[in-house]
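Working notes, beginning with the structure itself.
The values are calculated or read from the model by the stated rules, or taken from the named source; none is laboratory data. Quick caveat: nothing in here was measured; it's all calculated off a predicted structure. So basically every Cβ, Gly included, is an ideal-geometry build from the backbone, and we count neighbours across all protein chains shown.
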Amino acid sequence: MKNAPFFKTILILFTGGVFLASCEKLLDTEPITDRVVPPQDEQILKTVEDAQGAMKSIYAIFGNEFWQFDYFYLGDGGSDVAYAGADVPEFFQIDEYRINATNYVVARDWRHFSDFVKRCNLLINYIDGVPDLTKVERDEMIGQAALFRALSRFMATQIWGDFPIINTTITSVNSNNFDSLYTDLYPSRKPISDVYNAIIADCETAIAKAPDLTSAPESKYKPSKSAARALLAKVYATKPNPDWAKVIQHCDEVINGGFSLLSNYDHLFDNLHEGNAESIWEVNGEGQSSLINSWCTNVFLGTNWKKFNTPSHTLNNALDSKRKTSTIKRFPTTFADPYWTSFTQFPHPWKMRATDGTQNFYILRLADIILLKAEALARTGDLAGAMALVNQVRSRVSLPAVGAVASEDEAIHVILQERFMELAFEGHRWYDLKRTGKSIEILSQQTYSVYDPNTQLFLEVPMSYIGNLTPNDLVWPIPQDVLDNNPNLVQNPGY
Amino acid sequence: MGLKYYFQILFFFIVNVASAQSITVNGNVVDSKNKQPLPGVAIFAKNTQDGVVTDLDGNYSIAINPNDTLVFSFLGFVSQEVVITQSQTLNISLSEGASSLEEVVVVGYGTQKKALVTNAIASVGAASFDDRPITSVGQALQGNAAGVTVVQSSGKPGGALDIRIRGLNSIVSGVNPLFVIDGVQTYSAEGVNTDDIVDIQILKDATATAIYGINGSAGVVLITTKRGKADKHVLGFSSYIGTSEIVKNIEVLNLDQYKTLMGELSSSYVEQANAPKYAGINTNWSDEVFRTGQDENYELSYSGGAKKLRVFTSLGYQNTKGIVRPSRFARYSGRLNLDYDVNSWLKVYANVNLIKTELANTSDNNSANQGGVILSALTTQQYLPIYADDLVGGAEANGQLPGQFASNPIASLENPVSFASRQEDTHVNRILGNLGFEVRLMKNLVWNQSTTIDRSSSEYEFFVDSYRSNYGRNNDNPDIATRGIGRQYLTKNLNLNFENTLEYLTRTNDHELKVLLGSGIQHFGFNQDQLEGIGFGLDLRTLDLGQMMDTTHARRIEREKNTVSYFTRVTYNFMDKYVINGVFRASGSSQLAKGHKWGYFPGISAAWLVSNEPFFGNNELISLLKLRAGWGRTGNISGIPEYASYGLAAFNFANPDALEQINYTNEDLTWETTTDINIGADLTMFDYRVKFTADIFKRNTNDLLFRLKIEGKDYLYNAGEVENKGIEFSLNTHNIRSQNLNWNTNFNISFLKNKVIEFGKNRYESYGYQGVNLIEGGQPLGNFFGYAVEQINPSNGNIEYRDIDGGGFLNAADRTIIGNAMPDFTFGFTNSLSYKGISLDVLITGSQGNDIFNASRIDLEGMQDPKNQSVAVLQRWQKEGDITNIPRANDPNAVLASDRFIEDGSYARLKSVTLSYNFQKMFWGLSSMKIYATGQNLATLTNYSGFDPEVGSNNESTGVARGIDYGTYPQVRTFIFGLKIQF
């Protein structure tokens, strides 16, 4: 290397060149495969695809573990329809009315409801800024999102009572806007009455804007005007100071809306009659790698491990033969239960049967609304009218008509018992008892059968935990981690 | 911002194209007494701080200027000085006696005379780990350096280690140190063959690590590998083989005891156990799961070269078969280190390290319900057989098929053999390389350009076959296309670093000034292809994606980040009495938003060599007394993801089009900044036979990164402060020094206190099992939070907890602080005794004052379900009046996280004992031969009731979840026999 100075110069120039060319530019990297959310206050949904994506993420709510699992567990397992089943301590807590604030089911469902509402907000808040949608398309999307939001808040307020109402969409939080977003980030709970006002408003929006039902079964898989009316009827029946006239009005709209009870009760659940004439709004499972993978069946039915929601003796004894065939399935398993000690003919819920993720289930169906109207009639003095509707549901399963009842309370008991049999394992019981104010009266009387070898008789023994149930247990605690990190929240009494 | 342009300009002005002549000297250094090679001898040209260190075989090679004086110095030996006029081979023999101050150590971007070091640096030489059956750098450090805590959180071969230097200074960021492997800056030393390592320096305080800027906050580990020496040809071969076994097991109930317990839970469980199909079956699951492990290791190396071109190359193979099927770790490694002196002013060096590792994982630290093999081995019911074939009547009669694992009647449970049959393999190919030029621009000015690459590609494969297990059969789903689960993740990581430094040295009689200027560009690329699917042939036992029927998930992720840095160091030395060292680094990072990209990290430190003062005189007792002090600032950006300044939407598995937000934007994000004060003293006494170092430090980390969950989505922000303060001592003594008998001891101990001074926006955050690791302001990290047991009520056997909030009933507000996972101190104690050719090396490590949350006991003593339990439950409450600390069976509150699962995790462990023999007389042309036997984890003194007190945390990636044992794969006891020969 004779040309040492030359070589050194070249080397230095090369090195320097690399530096000068690169430095500042290198520091501006942009996401390659990650998707970016726009800053706060920017129009988030821009294209039709964006809007459809947002709509799909709302539909995906029904694939979430609340709707696939917890909804049925609280509604049935937490009531006298079913025993806990399985072997998970947190679920025993729910079954035995001794939930505490660190229960993970409580925490995950609180989180899910906040998330459900947020998904709906995204669409509702930004859909107007998507230029390539027609007014009809836009309205239908708003109507559907509104009903999903109403349903989410309706479930949440039934579970927790007071619940936050958040309508904003937060995409970008930083030190500049943190304080202004604070009340949405750390919301206080709003009184039940405010929550119901928001739910009613969303139902009204859905009634105005959601699509009409068509003859196609698929139209039942999304929120429709009829679904909105049915939900609104239930909302008016459930809210503090129910508005029974409104309940009757909206029930009638549904009952006269082109629906009919299926003549064969089992067709409701045999997976061969999806989107049937009785269905008002149903969840459409489409298989394992689809938008809604309906894995719920595998939680409640099967032999491979001990399943949740073991049917109760009370239900087993109450059911008429037709509905029992469609509601409970007995088959040999390798496990037993303190309440069903024989595992040769162990009972399982039988209203979900497809294990491949394609199971459909009902959010609302006509029998539910007919019995809801019966409840409204009973509450408003038309006991005979109420019983006529109950008998309409009973006649479908060839049960004799119930006779006249003497009092509103007796009528409510008859209606509740009919709902118990008609809607078992459809996630209703806990909420039905709460709505009618009968939770403690009925759930404190749960028994199970024990065989007495001396008398060779089955004795009805009270469940060991029924003494746990107090009015405080009718609302869940705020999850402890949420409570601890949000100074605006106050725990429900008893937790 | 102006600062970096200043540096850029400065860089180009210092272009002085002058040249100087350079010559190379190489050779070998031996002990004059026994002619054994001396590793670690410092060799440098007098009046410079540039130098080299002899390798394990005493070889060296150094380039100097003609007529320089070469100095050879080694602790405990008399230094020698030789004037060099031309390139030559120079073999030196040093004799023991009065020593010098001239040892050099490797520091960031260069070397420094050890005596003049102003920072807190710990050194670990190869001699302290090269006879042990270890697989990673972390294990080499364990117990050997003050202030460095290494927790091997699982005994799994190839398992990750937690290396913590001076405590925990972050909550969500990575707290592993930066590794610099022959100049390659990386966060992982995985796969580096410890046989190739000469020594390891650990930079502990910010005055030393600030030169690494945003990456220096958790400390820096500098790893130097072996290099070739001219005309000194050494062909080496080493090997060991050995076996390992479980140290301790946990006793579980036998079948009779089990059935009695089940009778107290539910008669149906007894009925289940007594089912005819299980008649006569009694499976000892521990016997089915644990086995004898095997260790083997081979290394072949060559070191040597000609005067101008020197080479070190090695090939290694290591294979460790774990004690729990199917765990295994194998490593193939190849290394080539080249040095070429092109001419008097240009040197080229290149290192290439190729690594291939194969890891077969056993799922541990997890409940049996989630596939944790260890807990499953303890809790699976003994009445179950492994295979359905062994059920009474055979498989078919019981609704199964031959060769299938017998179904477990409990929800989601399989037997441990079934869990272990899952394939979970990670194969990694990694290349670590470095190409550098050293250009002497002027006599005193050296320009170093280095380009490093660290590229790894890994293939992760998970497979559950479609036939044998319930899980694999998708719960006997009639649709065959849903049976079998396969997953393949192909990951590529690229780390490129392009650095330039200029080093200028000037010296007059009393003053010495050394200036380093540097710049660097670092690029990190990451991409991953994820593929998951279901539906596989019944006979398939290892993943074959070609047979997959249905893809459930396919995704590609690609990310990159860059940093640009400018750095400088100025060292001024006055008469070898006062040394001042200033460092500064400016770093810009692509992860951060505009306007927040650049950070500046200064450090300043000074040393006063009291023993060089005239007033100190010629002290007989004290050879060296040095006082050190320093202040510095470093950053940690590892917790900030690539695109933190953007809000990102999540990928929806089911529906790629659906928009689901995962994190929020925070444009104000910045790195965590640690401000560090260190004061230390070095004292060498009794003719260099006693060497004592003490350091006291305080590190305050501000702008901690926090992850706020807003509706389940992440919002990262900076807030708060955490403080670590501690004292470290290390004492090296040469207790006996004679011709035949030598005895050295090395003791180090570190005390650490940690406190969260200010917390973020949340009241607290919790991590780990049941959120038992709780972090809040005013408290140390590592706290355990849970219920405090009041009593086991003698009348009903219920567990009762203290009513902390006075609410009158049990609620979440009754939880309190029940322990802490942080040790008060950790220590390591090494003894080396040699008599003629026989040596005995003993390493003892320990930890004192730390609690362990033994979550395994929740599964083993909870008595909630038909899982088998440990013999501890024989003490359970059974009838009215029983006084005990184990509640009744089936008490739902018994499984709450409480202080009854807190145990003292203190331990002292005989980590390793090596007995070796160096053959004194050679044959077959060998130049050296050594045989040795090593036992690892021979004995552990502890009160901890679990498998082993050295535990990490269950399934948490952050450093703050710790001290939780939830079915941890236990540490193993290993015995190996090894041989090392050289030609």
### Query
Could you give every pair whose Cβ atoms fall below 8 Å, whose first residue belongs to the stretch A:260-271 and is closer than 10 Å to A:R353 by Cβ and in contact (Cβ under 8 Å) with a residue 24 or more places away in the chain, and whose second residue is assigned to a loop (DSSP other than H, G, I, E, B) and aromatic (F, W, Y), counting only separations of at least 6 or pairs across chains?
A:F269/A:W350
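Just for the stretch A:372-403: of the residues that are in contact (Cβ under 8 Å) with a residue 24 or more places away in the chain and polar (S, T, N, Q), which one is surrounded by the fewest Cβ atoms within 10 Å (Cβ to Cβ)?
Of the residues in the stretch A:372-403, the ones in contact (Cβ under 8 Å) with a residue 24 or more places away in the chain are A:372-381, A:383, A:386-387, A:390, A:392-394, A:396-399.
After this cut, where a residue has to be polar (S, T, N, Q) as well, the list is A:380, A:392, A:398.
Working: A:T380: 16, A:Q392: 17, A:S398: 10.
By that ranking, first place goes to A:S398.
Determine, yes or no, whether A:L147 is in a helix (DSSP H, G or I) and touching a residue at least 40 places away in the same chain (Cβ under 8 Å). Even if it seems obvious, please write down each step before you answer.
Working: in a helix (DSSP H, G or I): yes; touching a residue at least 40 places away in the same chain (Cβ under 8 Å): yes.
Yes: the conditions hold for A:L147.
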### Message
Looking at the structure I just gave you, is A:G257 modelled with pLDDT under 95, away from chain B (no Cβ under 14 Å) and in a loop (DSSP other than H, G, I, E, B)?
### Response
yes
## Note on the structure
Per the filter on the stretch B:392-420, residues more than 14 Å from chain A (Cβ to nearest Cβ) and closer than 17 Å to B:A279 by Cα are B:G394, B:E396
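Does at least one position in the stretch B:293-313 carry a residue that is in a helix (DSSP H, G or I), surrounded by fewer than 16 Cβ atoms within 10 Å (Cβ to Cβ) and away from chain A (no Cβ under 14 Å)?
Within the stretch B:293-313, the subset in a helix (DSSP H, G or I) is none.
Taking every residue of the stretch B:293-313 in turn, none turns out to be in a helix (DSSP H, G or I), surrounded by fewer than 16 Cβ atoms within 10 Å (Cβ to Cβ) and away from chain A (no Cβ under 14 Å).
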### Task
Check off (1) surrounded by 17 or more Cβ atoms within 10 Å (Cβ to Cβ); (2) touching a helix residue (DSSP H, G or I) at 6+ places or on another chain (Cβ under 9 Å) for A:Y104 and give me the number that stays unchecked.
(1)
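The rows are residues; the columns are (1) touching a strand residue (DSSP E or B) at 6+ places or on another chain (Cβ under 8 Å); (2) surrounded by 15 or more Cβ atoms within 10 Å (Cβ to Cβ); (3) at pLDDT 90 or above.
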| site | (1), (2), (3) |
| --- | --- |
| B:Q528 | yes, yes, yes |
| B:I534 | yes, yes, yes |
| B:T552 | yes, yes, no |
| B:R555 | yes, no, no |
| B:Y572 | yes, yes, yes |
| B:G582 | yes, yes, yes |
| B:I604 | yes, yes, yes |
| B:W608 | yes, yes, yes |
### Task
Among the numbered conditions (1) within 11 Å of chain A (Cβ to nearest Cβ); (2) in a strand (DSSP E or B); (3) of a type in the set (D, E, K, R), tell me where B:E461 comes up short.
(1)
### Task
Give me the pairs, please: first residue somewhere in the stretch A:171-200 and among the small types (G, A, S), second residue anywhere and not in a loop (DSSP other than H, G, I, E, B), beta-carbon distance under 6 Å, and either six or more positions apart or on two chains.
A:S172/B:G647; A:S172/B:T665
### Query
What are the residues in the stretch A:46-88 that are polar (S, T, N, Q) and closer than 22 Å to A:F113 by Cα, if any?
A:Q52, A:S57, A:N64, A:Q68, A:S79
### Query
If we keep just the residues of the stretch B:596-641 that are within 29 Å of the chain's Cα centre (by Cα) and among the polar types (S, T, N, Q), which is farthest from the other protein chains (Cβ to nearest Cβ)?
B:S605
### Message
Of the conditions (1) more than 14 Å from chain B (Cβ to nearest Cβ); (2) more than 20 Å from the chain's Cα centre (by Cα); (3) hydroxyl-bearing (S, T, Y), A:Y362 satisfies every one except a single condition; which number is it?
### Response
(2)
### Message
Of everything in the stretch B:491-518, what is away from every other protein chain (no Cβ under 14 Å) and buried (at least 20 other Cβ atoms within 10 Å of the Cβ)? Give them in sequence order.
### Response
B:N495, B:E503, B:E512, B:K514, B:L516
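For the structure I just gave you, tell me whether B:V352 is modelled with pLDDT of 90 or more and within 14 Å of chain A (Cβ to nearest Cβ).
Working: modelled with pLDDT of 90 or more: yes; within 14 Å of chain A (Cβ to nearest Cβ): no.
No, not satisfied.
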### Task
Please go through the stretch A:28-49 and pick out each residue that is more than 7 Å from chain B (Cβ to nearest Cβ) and buried (at least 20 other Cβ atoms within 10 Å of the Cβ).
A:Q40, A:I44, A:L45
### Summary
Checking A:L319, A:L315 in turn, the sole residue that is touching a residue at least 60 places away in the same chain (Cβ under 8 Å) and within 24 Å of the chain's Cα centre (by Cα) turns out to be A:L315
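What number of residues in the stretch A:456-474 are of a type in the set (A, V, I, L, M) and touching a Lys or Arg at 6+ places or on another chain (Cβ under 9 Å)?
Step one: of the stretch A:456-474, the residues of a type in the set (A, V, I, L, M) are A:457, A:459, A:461, A:463, A:466, A:469, A:474.
Filter again for touching a Lys or Arg at 6+ places or on another chain (Cβ under 9 Å), leaving A:474.
The total comes to 1.
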### Query
In the stretch A:109-147, which residue that is within 11 Å of chain B (Cβ to nearest Cβ) and of a type in the set (K, R) is nearest to A:F69 (Cα to Cα)?
A:R111
### Task
Can you give me the ranges of the helices (runs of 4 or more DSSP H) entirely in the stretch A:172-240 with at least 2 residues that are surrounded by fewer than 17 Cβ atoms within 10 Å (Cβ to Cβ) and of a type in the set (A, V, I, L, M, F, W, C)?
A:192-209
### Message
For the condition more than 30 Å from B:Y187 (Cα to Cα), within 14 Å of chain A (Cβ to nearest Cβ) and of a type in the set (A, V, I, L, M, F, W, C), what is the one hit in B:I534, B:I521?
### Response
B:I534
### Summary
How many residues of the stretch B:650-668 are at pLDDT 65 or above and facing chain A (nearest Cβ under 7 Å)? The answer is 5
### Query
Restricting the stretch B:366-420 to residues that are hydroxyl-bearing (S, T, Y) and without any contact (Cβ under 8 Å) to a residue 60 or more places away in the chain, which is farthest from B:V289 (Cα to Cα)?
B:S412
